[in-house]
Amino acid sequence: SAKSRHKGRHAVFDVAMHAKAVTRLQIETELRQALDSGEFEVHYQPIVALRSGRTKGFEALIRWRHPLRGLLSPGAFLPVAEETGLIIPIGSWVVDECCRQLAAWYAAGVATPGLSVAVNVSNRQFWSGNVIDDITGALDRHRPPAGSLAVEITEGVVMENVAPARDILHTLHDLGCQLHIDDFGTGYSSLEALHRLPIDALKIDRSFVWQIDTDRRSGELVRTIVLMGRNLSLDLIAEGIETPRQRDFLIRMGCGYGQGFLFSRPVPADVACTLLGEPA
Ligand code: C2E
Ligand code: MG
Ligand code: MG
Ligand code: MG
């Protein structure tokens, strides 16, 4: 009957909801254990000077070496970490690990002069009230050279709440952190706000870069971002460069830096340090 069909549908729906909740709970429990047992890793993707091909720094990207499921990308677990607030202890670990690694590269003499590592800080981390203590603590513990740690936050995080964001950014700047605005172009930045923030670089989102050479609007958009960034004396870093053609377009537009599979995928620390010095 219609009624039992209806009932059946409800049952199916509930089972699906239940399964989803269980999976989420499972991931949450596993994430806690993963943090305790050291299953997270930081991989490093070179940020290169486009003309010379030399690596000027790395972006730090978290990976989960899952005992059963292998190496997991952030997309598979960061949303749950974000929802549950576990991103805060996990993010704190990432910052510490990056500072440790930076200091180790400099101490071993493998770091090229000015080498930096950029760490991602999510919306929730940024507003948690922990970010400044976490970064201060990690810098104190490991003492990488001043200016070698960079912090990436997205445009949206800053623009939603400019005045309080500015205070945090100024504090980070005073601690000697470089500041990068991530995924730039996907939100709505006010030029006036950008101008008054202590920012070092804009990262042009991959969604504009991937068709820079095939779609006129993407090309024009990137050109506008580059001009704006240069007027504000900011470095420009294009994300997601996969072809020499895309790189050449970006060079012609005056974009100084980039990262992408053309140069290297994100790699473990021991591989990353072998990429220093040589043009990509
Ligand atoms: P994001 O900060 O915009 O990082 C760039 C993403 O683009 C990375 O994905 C990187 O592997 C990928 N990518 C780089 N070059 C190319 C390319 O040429 N082609 C393509 N198709 N992709 C490219 P990943 O590692 O999966 O990270 C995804 C996002 O997860 C990051 O986006 C960032 O928002 C977040 N994330 C990663 N690590 C951390 C972390 O330690 N803490 C926090 N809070 N977020 C993180
Ligand atoms: Mg980033
Ligand atoms: Mg990005
Ligand atoms: Mg992005």
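The values are calculated or read from the model by the stated rules, or taken from the named source; none is laboratory data. Please read all numbers here as calculations on a predicted model, not as lab measurements. All Cβ positions, even for glycine, are placed from backbone atoms using ideal geometry, and neighbour counts span all protein chains on display.
Listing for the model above:
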item	result
Identity of the residue in the range 177-213, acidic (Asp, Glu) and away from ligand 4 (no atom under 12 Å from the Cβ), that ends up nearest to residue 164 (Cα to Cα)	192
Tally, over the range 71-108, of residues that are at pLDDT 95 or above and either hydroxyl-bearing (Ser, Thr, Tyr) or at positive phi (or both)	3
Number of positions in the range 201-220 that are in contact (Cβ under 8 Å) with a residue 12 or more places away in the chain and surrounded by fewer than 18 Cβ atoms within 10 Å (Cβ to Cβ)	4
Members of the range 135-184 that are within 16 Å of ligand 3 (Cβ to nearest atom), assigned to a helix (DSSP H, G or I) and not hydrophobic (A, V, I, L, M, F, W, C)	155, 156
Number of positions in the range 101-148 that are of a type in the set (Val, Ile, Thr) and surrounded by fewer than 19 Cβ atoms within 10 Å (Cβ to Cβ)	4
Helices (runs of 4 or more DSSP H) completely within the range 66-134 that count 2 or more residues being of a type in the set (Ser, Thr, Tyr) and away from ligand 3 (no atom under 16 Å from the Cβ)	87-107
Residue, nearest to residue 84 (Cα to Cα), within the range 104-123, restricted to residues that are hydroxyl-bearing (Ser, Thr, Tyr) and away from ligand 1 (no atom under 16 Å from the Cβ)	106
Cβ pairs under 7 Å, 6+ apart, first in the range 172-197 and over 24 Å from residue 135 (Cα atoms), second charged (D, E, K, R) and within 16 Å of ligand 4 (Cβ to nearest atom)	185/205; 186/155; 186/205; 187/155; 189/155
Subset of the range 185-206 [over 21 Å from residue 260 (Cα atoms), away from ligand 1 (no atom under 15 Å from the Cβ), assigned to a loop (DSSP other than H, G, I, E, B) and not β-branched (Val, Ile, Thr)]	188, 189, 190, 196, 197, 198
In the range 250-277, residue nearest to ligand 4 (Cβ to nearest atom) [restricted to those that are free of Cβ contacts under 8 Å to residues at least 60 places away in the same chain and either among the acidic types (Asp, Glu) or in contact with a helix residue (DSSP H, G or I) (Cβ under 7 Å, 6 or more places away or on another chain) (or both)]	262
So residue 34, is it at pLDDT 95 or above and in a helix (DSSP H, G or I)	yes
Any hit, the range 51-73, residues being farther than 30 Å from residue 254 by Cβ, within 16 Å of ligand 4 (Cβ to nearest atom) and not small (Gly, Ala, Ser)	yes
